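First the structure, in the form of structure tokens, and then the observations on it.
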Amino acid sequence: MPSGAGVGAGVGVPGGGREPLTEELLARLLVSATPQEYLDQTQVGERDFAAYLRGLLQQKGRTRADVLRACDVSPSFGYQVFQGVRRPSRDTAIALAFGLGCSLREAQRLLRRAGHSELYCKVRRDAVIIFCLEHGYSRFECDDELFRLGEKTIGADGAGAVD
């Protein structure tokens, strides 16, 4: 498993409460009459991402405008992501993690909730990003480090949505 938070760690989430363990969610799914019943009761998926993002925003005491400036995501696209209208690419989700000042654990959860793979320390580029997150680098400082080491920068393809 990738470095960082384990899947279903059952830890607190922004806005209070405890995120259910994966095993608890699986048990609910298996006793549900239909997949729709499970999805309606558990609030999993993309809706969950926007709520998590807004919870982090509140927890960190930041404004959307501050976060979007800090991660160089266009305001119009960024506001759509915060509202759950658009889903970010993996690099945009990573940029948002930097803009929010996320810990590695928070960044891993943000990536999972956005529907992307976690950062994995056996992948050279991901290892650099993990280091930068853990050492409090900005998104721009991380890009400098990635460039210096010959890796694709976070903003190389432009911050955007999943096609």
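Distance between the 7 Å Cα→Cβ label points at Asp144 and Glu37: 5.7 nm. Between Asp66 and Thr153, the modelled labels are 2.5 nm apart [label points 7 Å from Cα along Cα→Cβ]. Across the range 99-108, rounded Karplus estimates of 3J(HN,Hα) from the backbone phi angles (6.51 cos²θ - 1.76 cosθ + 1.60, θ = phi - 60°) give x, 7, x, 5, 6, 4, 4, 5, 5, 4 Hz, Gly and Pro being marked x.
In sequence order, the range 66-74 has phi-based couplings of 4, 5, 5, 5, 5, 10, 6, 9, 4 Hz under the Karplus curve 6.51 cos²θ - 1.76 cosθ + 1.60, θ = phi - 60°, and Gly or Pro positions carry x.
A simple spin-label model places the labels of Arg105 and Ser76 3.9 nm from each other, with each point 7 Å out along Cα-to-Cβ.
Take every pair of alpha-carbon atoms less than 8 Å apart whose residues are at least six positions apart; their mean separation over the length of the range 46-148 yields a relative contact order of 27 percent.
Amide H contacts of Cys121: Ser3, each under 5 Å away and 5 or more positions distant or on a separate chain (H built 1.01 Å from N in the peptide plane; Pro and chain starts excluded). Its Cα gyration tensor gives the range 46-148 an equivalent ellipsoid, and the semi-axes of that ellipsoid, as √(5λ) in whole Å with the largest first, are 21, 15, 12.
Bear in mind that the values in this text are calculations on the coordinates, not laboratory data. It should be emphasised that the depicted structure is a prediction, and the values quoted were computed from it without experimental measurement. In this analysis, Cβ positions are derived from the backbone assuming ideal geometry, glycine residues included, and neighbour counts consider all displayed protein chains.
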